[in-house]
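The values are calculated or read from the model by the stated rules, or taken from the named source; none is laboratory data. Here the structure is a predicted model, which is why all the values come from computation and not from measurement. Reconstructed Cβ throughout: ideal geometry from the backbone, glycine too, with neighbour counts over all protein chains shown.
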Amino acid sequence: MSEPRASLLPGEFVVRAERVLVVGCGGIGGITAACLTEAWSSLGVEVVGYSTNTGIADAIRRHGYRLTGNEPARAVPGLCLSALTDDVEPFDFIVLAVQPPHVEEAARAALPWLAPGGAMVCFQNGLCEDRVAKIAGADRVLGAVVAWGASMSEPGLFERTAAGGFAIGRMDGVADPRLERLAVLLECVGPVTRSDNFAGARWSKLAINAAISTIGTIGGDRLGALMVSLTVRRLVLAIMTETVRVAQSSGIRLEKVSGTLDLDWIALTEEESRTVGSPSLVAKHTLLLAVGARYRRMRSSMLSAIERGRPPAVDFLNGEVVERGRALGVATPVNAASQDMVHTIARRERASGMSSIYTLAESLGLR
C-alpha cells in the first residue's frame with residue numbers, strides 16, 4: 001500500500017546537505033530544478049541543472065528558470081551545465097528528466113558523477129527503471145511517478161500545465177532510506193507519496209500514458225478537446241484494458257492513480273467490449289470525460305517531441321505493452337496499431353488530427 005506524506009517544512013528532516021543533478025531541463029526537469037533551487041539552496045542543498053541543449057542551458061544561466069502559467073511568474077537564478085567535466089563533484093541524487101528514448105544515454109553519461117551510496121531517479125513514463133538498472137545497478141535506481149504536467153514554450157521558460165505530485169519507490173519494493181530523503185527534497189515541487197508497491201504504481205501510470213499520451217499524439221490536440229469524442233474514449237479504454245491485462249498476467253498488483261483512479265475497474269470486461277450503453281460502460285466514459293475536463297490543458301509531450309524532430313517515446317509506452325504481452329501470450333492489437341500510427345506520424349507520412357484518430361479506430365473496429 002502507499003503511505004501519504006504530510007507536507008514538510010524545508011530542512012525539517014534533512015540531516016546533511018545533498019547534491020542534486022537534474023538531467024534534462026525541459027518542462028518537467030526545468031520546473032523541478034527551479035523549485036528545488038528556490039526551496040533548498042539557502043539550506044545547503046546544491047542543485048545543478050544539466051542540459052546538452054546549449055540554448056536551454058544558456059537561457060537558464062542568463063535569465064534563470066523563468067516560471068509562468070499557474071506558477072507565480074518569477075525567475076529563479078540557478079546553475080545549469082551543458083557539459084559534465086572532471087572538476088564537477090559527485091551527486092547524491094541524479095534526477096533523470098529526459099524523454100524515455102534518451103534515458104539510457106543520459107544514465108550512462110551521468111553515471112561517473114553518481115556518488116557512492118547515491119541513486120539515479122527515473123522521472124520517465126514507461127518502465128525505465130528496469131533499463132537504468134542494467135546500467136547503474138538495481139540498488140542505485142529509484143523511481144518517481146510524475147503526476148503533474150509541464151511544458152517549455154521557449155528555452156528556459158516553463159509552465160506547469162497540470163497540478164499534482166509524485167509517487168516514489170523501488171521497482172523491487174525494497175525499503176530504502178534514500179526514499180525518505182528524496183521525498184523531503186521533492187515536497188517543494190508537489191505532494192509526495194512513498195509506495196511499497198511502486199511497480200503497481202508505475203504500471204498504472206503506464207496504462208494511462210500509453211492511452212492518453214499516444215492518443216494525444218495521434219489526435220494532435222489538448223486532452224480536453226480530444227476527450228469529448230466518443231471515438232477517442234473508446235480507443236483510450238481499449239489501450240488501458242490491454243495494458244491492465246498484461247500487467248495482471250505479469251503478476252503486478254495495480255495501484256490506484258492519485259488514490260482514486262482504479263485501473264482494474266476501468267478495464268473493460270468481456271461484456272462491456274461487446275455491448276453499447278451499459279450502465280458500467282457509461283460510468284467509465286463519464287470518468288474519462290471528467291479526466292479530460294480536469295486536465296484539459298494537457299498536451300502530449302510525445303507530440304511536442306515529434307514537432308521538434310525528436311523520436312517519440314511510443315516504444316517505451318505502447319511498445320513496452322506489446323513486447324511484454326507477446327512474451328506472455330496476451331493480445332495487444334490496439335496498442336500495436338497505435339504504436340504504428342505514431343511512427344507513421346513521426347515519419348511525416350500522416351498528419352496528427354481527428355482524421356488519424358478515425359482511421360485508427362476504423363482499422364480496429366472501434367468506430
Which condition number in (1) in contact with an Asp or Glu (Cβ under 9 Å, 6 or more places away or on another chain); (2) part of a helix (DSSP H, G or I); (3) at pLDDT 95 or above is the one that residue 179 fails? (1)
Could you say which residue among 255, 242, 272, 320 is in the same structural domain as residue 332 (by TED's automatic domain parsing) and within 30 Å of residue 53 (Cα to Cα)? 320
Which is touching a Phe, Trp or Tyr at 6+ places or on another chain (Cβ under 8 Å), in the same structural domain as residue 108 (by TED's automatic domain parsing) and either more than 17 Å from residue 106 (Cβ to Cβ) or assigned to a strand (DSSP E or B) (or both), of 88, 47? 47
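Condition check ((1) surrounded by fewer than 24 Cβ atoms within 10 Å (Cβ to Cβ); (2) part of a helix (DSSP H, G or I); (3) out of contact with any Leu (no Cβ under 9 Å at 6 or more places or on another chain)) across all residues:
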| site | (1), (2), (3) |
| --- | --- |
| 172 | yes, no, yes |
| 185 | no, yes, no |
| 211 | no, yes, no |
| 231 | yes, yes, no |
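Results for (1) among the aliphatic types (A, V, I, L, M); (2) closer than 23 Å to residue 222 by Cα, shown as yes or no for each residue.
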| position | (1), (2) |
| --- | --- |
| 287 | yes, yes |
| 291 | yes, yes |
| 326 | no, no |
| 337 | yes, yes |
| 342 | yes, yes |
| 355 | no, yes |
| 361 | yes, yes |
Quick one: which of 190, 224, 220 is in contact with a Gly (Cβ under 6 Å, 6 or more places away or on another chain), under 17 Å from residue 161 (Cβ atoms) and in the same structural domain as residue 170 (by TED's automatic domain parsing)? 190
So, of the residues in segment 293-347 that are among the basic types (Lys, Arg) and more than 26 Å from residue 228 (Cα to Cα), which turns out to be surrounded by the most Cβ atoms within 10 Å (Cβ to Cβ)? 324
If we scan segment 90-103, do we find a residue that is more than 14 Å from the chain's Cα centre (by Cα) and charged (D, E, K, R)? yes
Breaking point among (1) out of contact with any strand residue (DSSP E or B) (no Cβ under 7 Å at 6 or more places or on another chain); (2) over 21 Å from residue 36 (Cβ atoms); (3) aliphatic (A, V, I, L, M), for residue 133: (1)
Here the residues within segment 161-170 that are in a strand (DSSP E or B) and surrounded by fewer than 23 Cβ atoms within 10 Å (Cβ to Cβ) are 161, 162
